[in-house]
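The values are calculated or read from the model by the stated rules, or taken from the named source; none is laboratory data. If you're wondering where the values come from, they're calculated on a predicted model, not measured in any experiment. Counting neighbours? That spans all protein chains shown, and the Cβs are built from the backbone with ideal geometry, glycine included.
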Amino acid sequence: MGAMPQEVDLIKMEMNIQAEETIGERTFFSGSLNGFDTVLVFSRWGKVAASSTATTLLDKYKIDFLLFTGVAGAVDPILNIGDVVIGKKLYQHDMDARPIFPRFQIPLTDKLTFSPNEIHVSQAEVAANKYLNNLQSDISIEILSKFSIVHPKVIRGIIATGDQFVTDTQAHEGMHLSDSEKAQAVEMEGAAVAQICEEYNKPYLIIRIISDKADHSATIDLNAFIENISNHYSRGIALEFLSTLQNNITEKANEKIESWKIEDPSVLMT
Ligand code: ADE
């Protein structure tokens, strides 16, 4: 799942599409990707659009896993354009029902934050690093340098989600979860998707590529970044991640077969 058509276009080209269905103004493409049954969709921007799309994926398509990829603005100064943030903790920075509930808490739940399974976060980190190690085979140096991408890195980070495109660094201070847990990247869908997946008890991952520094220049190159850079990252990281999952499935199957093997077949011949 992505928020914009350009963010999922290259993944779509990689898929073997068998069906296409429009529900609630969103088109869901079903087929296979790297041997996995897959449904691909873009939600449009914002928490409502993203949660409604996630609900259809879970409810109608009965997906077992939701992978969201897209762009984000950097809040943490260690992040540069072209870096990748794998969400290890996500929250809705615009959720504020005080004084009835604490700031950021989802009303009538005890939740402030959402955290995907750590094993999946690690697998995504490995996948993203693998992709970045071969970045120049996917995107030319000229294009990378146009966006000043030199040594991009991957971090597991805290993602703040809200229905605002942030273009003012003064807003960063007011959105931190706490003094010790500061937002590192800001976007408009991740924690909404995370909330729905956790309510449906399904695993998920939110992977974000830093497109801007959530400051006055945030909008300048956004479309060009998505069309030239992050669409490639999304495809590359998603494919690496699926390969990691595939290897894990194969390893587990082999371990099982190994455990069934009888060390001494003569024990059967009594
Ligand atoms: N997605 C990408 N950049 C963003 C920003 N600056 N604010 C919110 N969402 C974003």
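General observations
- Inter-residue pairs, beta-carbon under 7 Å, first farther than 10 Å from Asp215 by Cβ and in the stretch 166-188, second modelled with pLDDT of 95 or more and among the basic types (Lys, Arg), 6+ apart: His176/Lys182; Ala185/Arg208; Glu187/Arg208; Met188/Lys47
- With respect to the conditions (1) under 13 Å from Ile210 (Cα atoms); (2) within 16 Å of the ligand (Cβ to nearest atom); (3) of a type outside the set (Gly, Ala, Ser); (4) touching a strand residue (DSSP E or B) at 6+ places or on another chain (Cβ under 9 Å), Ile149 falls short on a single one, namely (4).
- Listed by first and then second residue, the pairs with beta-carbon distance under 6 Å, at least 6 apart or on different chains, first residue in the stretch 202-226 and under 18 Å from Gly2 (Cβ atoms), second more than 11 Å from the ligand (Cβ to nearest atom) and charged (D, E, K, R), are Ile210/Asp83.
- When the stretch 147-193 is filtered for residues that are in a strand (DSSP E or B), under 14 Å from Gln92 (Cα atoms) and β-branched (Val, Ile, Thr), the ones remaining, listed by number, are Ile158, Ile159, Thr161, Val186.
- Filtered residues of the stretch 227-263 (kept if free of Cβ contacts under 8 Å to residues at least 12 places away in the same chain and either assigned to a loop (DSSP other than H, G, I, E, B) or among the basic types (Lys, Arg) (or both)): Lys252, Lys256, Lys261, Ile262, Glu263
- Residues of the stretch 191-224 satisfying the condition of being within 16 Å of the ligand (Cβ to nearest atom) and in contact with a helix residue (DSSP H, G or I) (Cβ under 8 Å, 6 or more places away or on another chain): Ala191, Ala192, Val193, Ile206, Ile207, Arg208, Ile209, Ser211, Asp212, Ala214, Asn223
- Any hit, the stretch 43-52, residues being more than 19 Å from Pro116 (Cβ to Cβ) and assigned to a strand (DSSP E or B): no
- Boolean, Ala171 is within 16 Å of the ligand (Cβ to nearest atom), of a type in the set (A, V, I, L, M) and surrounded by fewer than 17 Cβ atoms within 10 Å (Cβ to Cβ): yes
- Evaluated against (1) out of contact with any Ser or Thr (no Cβ under 8 Å at 6 or more places or on another chain); (2) in a helix (DSSP H, G or I); (3) not small (Gly, Ala, Ser), Ile196 falls short on exactly one condition, (1).
- Subset of the stretch 174-190 [more than 10 Å from the ligand (Cβ to nearest atom) and within 15 Å of Phe104 (Cβ to Cβ)]: Gly174, Met175, His176, Leu177, Ser178, Asp179, Ser180, Glu181, Lys182, Ala183
- Filter result (of a type in the set (Gly, Ala, Ser), assigned to a strand (DSSP E or B) and surrounded by fewer than 17 Cβ atoms within 10 Å (Cβ to Cβ)) within the stretch 1-29: Ala19
- Restricting attention to the stretch 56-103 and to residues that are of a type in the set (Phe, Trp, Tyr) and not in a loop (DSSP other than H, G, I, E, B), the residue that is nearest to Met175 (Cα to Cα) turns out to be Tyr91.
- Any hit, the stretch 117-135, residues being among the acidic types (Asp, Glu) and either touching an Asp or Glu at 6+ places or on another chain (Cβ under 6 Å) or loosely packed, with under 14 Cβ neighbours inside 10 Å (or both): yes
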